[in-house]
1. Considering Cα pairs under 8 angstrom that are at least six residues apart, work out the relative contact order of segment 58-188 and quote it in whole percent.
2. When a footprinting reagent is the concern and you count Cβ atoms within 10 Å, what order do Cys218, Cys37 take, fewest first?
3. Considering only segment 105-195, what is the antiparallel percent among its DSSP beta bridges, to the nearest 5?
4. What does the net charge come to around Glu203 if you take all other residues with beta carbon closer than 11 Å to its beta carbon, with K and R at +1 and D and E at -1?
5. Fewest to most neighbouring Cβ within 10 Å: what's the order for Tyr244, Tyr291?
6. For helix 166-176, report the angle its Cα long axis makes with the longest principal axis of the Cα atoms of the chain; keep it between 0 and 90° and round to the nearest 10°.
7. Using the alpha-carbon atoms, what tilt in degrees (0 to 90, nearest 10) does helix 190-201 show relative to the longest principal axis of the chain?
8. Once a ≥ b ≥ c are taken as the square roots of the eigenvalues of the Cα gyration tensor of the chain, is the result rounded (a/c under 1.5), prolate (a/b larger than b/c) or oblate (a/b not larger than b/c)?
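Every number here is computed from the coordinates shown, using simple stated rules; none is lab data. None of the values given here were measured: they were computed from a predicted structure. As a convention, Cβ positions derive from the backbone with ideal geometry for all residues, glycine included, and neighbour counts pool all protein chains shown.
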Amino acid sequence: MKINKKIKVVEKSFKISPVSAKKLIKSFHSDMKNGLCGKKSSLKMLPTYAKRPTGREKGDFLALDLGGTNFRIFKLKLQGKRRISDILSESFVLKKEHIANTEKELFGFIADCIKKFMERQKFSKNKQHKIGFTFSFPIKQTAIAKGVLLGWTKGFNAKGAEGKDIVWLLNKALLGVGLSNTKIRALANDTVSTLAAKSYEDEKCDMGVILGTGTNACYVEKKKNEMIVNIEWGNFNKLKLTRYDKELDENSINPGKQVLEKMVSGMYLGDIVRIVAKDLAAKGIFDVYGYKKVFDKNGVLESKHVSTVESDSSKKLTKVKNVLSMLGIKRSTYSDRSILKEICRIVSLRASRLAAILMAAVVTRMDPGLKRKHTIAIDGSVYEKHPGFSKHIRSTLGDIFGRKAKNIVLSLTKDASGKGAAILAARQK
Ligand code: BGC
């Protein structure tokens, strides 16, 4: 396919050259360093009071996972020999009224779900049940089971929670529904649970990454005593923005914040594609039969659509046609469909390359010469489901490290929020 020259301009603006990749790694290192010693930095570098598991952690646990599209509850057994069994889980859809009104509504809803789950699973009323809580937002922790919410991300906006201890808020809500036989033993960011879950079985795991609705990473910092540090890399801001990124940011609920997250994570990929499509439609490059206005509306394209478009290898691009039709564009030419596919490819390729560059930065903070093996535990819908995403991360790591890239193992770690939270809870007395 001959790509229109104008698309080439778009492609160029999304490209990251090897020189810029190196610069990004350098400025990421300097933001990590500044963040760690409390100097001005776009990275919060939050101590988590969590250490890597030994693999011997044991017991029956409840684990909670809040921070994506669903609230999830897990029941599981840690066998104590790097093995987890009897995993059972249930998902509860989070509606706008739960996440964007007040903390009482959010935590009240969660407590209700926990109560129902415990009743359905016949948890004994006479025993105390241990809980590990994965809470996927920036929290300032002062202990493993204590953490103040620094600010909501990913469209959550329940008032009254910022600045408060999340464990206290949940305990209050649990008492409110009459549950007094539970004990929250650990509170952890999802990246930390992911690292814990993988390193329970693989001691080479020293980094956890989420590439889903949001994005973030944590790693093992050994400067003083070993501690897992939550980087909050979604807020990294030493980046070259395209005009499309700027438009997205200006119209977001948190302008100037989570700059990297807005270029990489599932919550935003569809919208970047939409904004590029809108621009190309206005220029007449992307024709779509006079339906241009479709692309004016924030949020019409989701990352799952971007995945569908990119996975289409049919002769007539039928899946792309269906996505356009779902948007209200009932007629489309082959050329329109290929342009949309090309925009999706350009946008998601940059996302995967950025993710890889930051992974390279974190690994070289721990091991500058990349002399050891590192397993990176990764969870999240974008990494798991987006066509080619993991392949592009691998190839970018290859570009950066050459043959040494084989020292980095990427491992999809599913249900990590549940497993990891339980493991961290098991470490506490
Ligand atoms: C949050 C992080 C979280 C990430 C992935 C971001 O928006 O700030 O705390 O780890 O999403 O869920």
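1. 27 percent
2. Details: Cys218 31, Cys37 9.
Arranged by neighbour count, lowest to highest, Cys218, Cys37 become Cys37, Cys218.
3. Restricted to segment 105-195, the bridges split so that about 45 percent are antiparallel.
4. Value of the local net charge: +2.
5. Tyr291, Tyr244
6. Orientation of helix 166-176: about 70 degrees from the principal axis.
7. Helix 190-201 sits roughly 70 degrees off the main axis of the chain.
8. The shape class here is prolate.
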